[in-house]
Ligand code: UDP
């Protein structure tokens, strides 16, 4: 019922796979905690609302991921106050009317941002409309070891951070300590609700009952996956008579086609974008991945040792020490050296088991419920305040 349900607007953008995954995780937790009481809308601010020159943001991000130097420039462009200010003014000028219309259409009772580019613009528009005081605005930071300053806006009501490292960045960016809550990263329920063992899940996925290595390159199947897979396949077939590789290419269709067409010296399962990542993780003994925060948080909950082969400069750089210093994995960018280290660990099983136990210790399976619970507390506090006017009142 539109009149009684509280309306939660989750703002994100499909740059990579992590922001949507976090938004979906929060949606699931809201629905579990308050069944039938909330209308949850997940909206890509830039492609669904602002559009215009920003409609291709996810594609541009995919391009930048493959060109780390350009990515680095973009990252720092957003850090320097002058370039940041010019871009913010430009996007406000282009977008504020559309964002205003969107608020009148969605009529949120609370706004939750899970993206670094979803703070400044919507907060400013809410203020222009004179309704900021009535609509709580929270940010859920979905980076683990480093985070862009754009994540942190002093005017938010709560800023959820997953780790000490990100909490410290939030403080440096001027967020008051009273507004910061630290639980972990929101992760979809399948990762923390799974109670089958790896053997059962392997059977269901049609895998063999042999040591299994999962290779993932984030939602966009970041380049490098092919080289890593070839090196691992080569070394595994030399050292083990039975082992298998699962390669998840995400939205990188070209990579999926290339790897599917190859001959492999051991069983290899090549997949495109999968919606059951938790099952592939449960079926595996370790994960080889770029340092994506979502994938790392999920793998920790599933107790997988994490071997990193790459990271995006700036944004993901801090995830490498996070993994290494917590004793849950290592970083090695050279495919052959990485393959050798993985093989060595598979030979010394005890170290692998140790890492797996440590991963479970570091994982934060309750974070999603804790964040969703706090957001709802804030929402119920607003209950007595009148909602935004209906779309019919828009001139
Ligand atoms: N993912 C997925 N299916 C795929 C590939 C990735 O569901 O085929 C999910 C993955 O489980 C994780 C997210 O996409 O939740 C990737 O987020 P991460 O932060 O690791 O990297 P990003 O893609 O955002 O750079």
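Given the criteria under 29 Å from residue 151 (Cα atoms), within 24 Å of the chain's Cα centre (by Cα) and within 16 Å of the ligand (Cβ to nearest atom), does residue 226 qualify? No, not satisfied. Considering the conditions (1) under 24 Å from the mean Cα position of the chain (by Cα); (2) more than 14 Å from the ligand (Cβ to nearest atom); (3) modelled with pLDDT of 95 or more, residue 193 is excluded by exactly one of them, (3).
From the list 121, 117, the one residue that fits, being in contact with a helix residue (DSSP H, G or I) (Cβ under 9 Å, 6 or more places away or on another chain), over 19 Å from residue 170 (Cβ atoms) and surrounded by 18 or more Cβ atoms within 10 Å (Cβ to Cβ), is 121.
If I go through segment 21-46 residue by residue, how many of them are in contact (Cβ under 8 Å) with a residue 24 or more places away in the chain, in a helix (DSSP H, G or I) and either within 18 Å of the chain's Cα centre (by Cα) or crowded, with 18+ Cβ neighbours inside 10 Å (or both)? Outline the logic, then answer.
Pass one, segment 21-46, residues in contact (Cβ under 8 Å) with a residue 24 or more places away in the chain: 21-26, 28-30, 32-34, 36-46.
Now narrow it down to the ones that are in a helix (DSSP H, G or I): 21-26, 28-30, 32-33, 45-46.
Still in the list and also either within 18 Å of the chain's Cα centre (by Cα) or crowded, with 18+ Cβ neighbours inside 10 Å (or both): 21-26, 28-30, 45-46.
The qualifying residues number 11.
Where strands (runs of 3 or more DSSP E) fall wholly inside segment 243-333, the ranges with 2 or more residues that are within 10 Å of the ligand (Cβ to nearest atom), under 17 Å from the mean Cα position of the chain (by Cα) and surrounded by 23 or more Cβ atoms within 10 Å (Cβ to Cβ) are 286-290. The set of residues from segment 49-71 being away from the ligand (no atom under 15 Å from the Cβ) and crowded, with 16+ Cβ neighbours inside 10 Å comprises 49, 50, 54.
Of the listed requirements (1) more than 17 Å from residue 23 (Cα to Cα); (2) away from the ligand (no atom under 16 Å from the Cβ), residue 139 misses just one: (1).
In segment 152-172, which residues are part of a loop (DSSP other than H, G, I, E, B) and either closer than 26 Å to residue 299 by Cα or touching a strand residue (DSSP E or B) at 6+ places or on another chain (Cβ under 9 Å) (or both)? Don't jump to the end; show me each part of the working.
The first filter runs over segment 152-172 and keeps only residues part of a loop (DSSP other than H, G, I, E, B), leaving 152-157, 162-163.
Residues satisfying the conditions are 152, 153, 155, 156, 157, 162, 163.
Taking the numbered list (1) assigned to a helix (DSSP H, G or I); (2) touching a helix residue (DSSP H, G or I) at 6+ places or on another chain (Cβ under 8 Å) in turn, residue 69 passes all entries but (2).
The values are calculated or read from the model by the stated rules, or taken from the named source; none is laboratory data. None of the values given here were measured: they were computed from a predicted structure. Cβ: placed from backbone, ideal geometry, glycine included. Neighbour counts: every protein chain shown.
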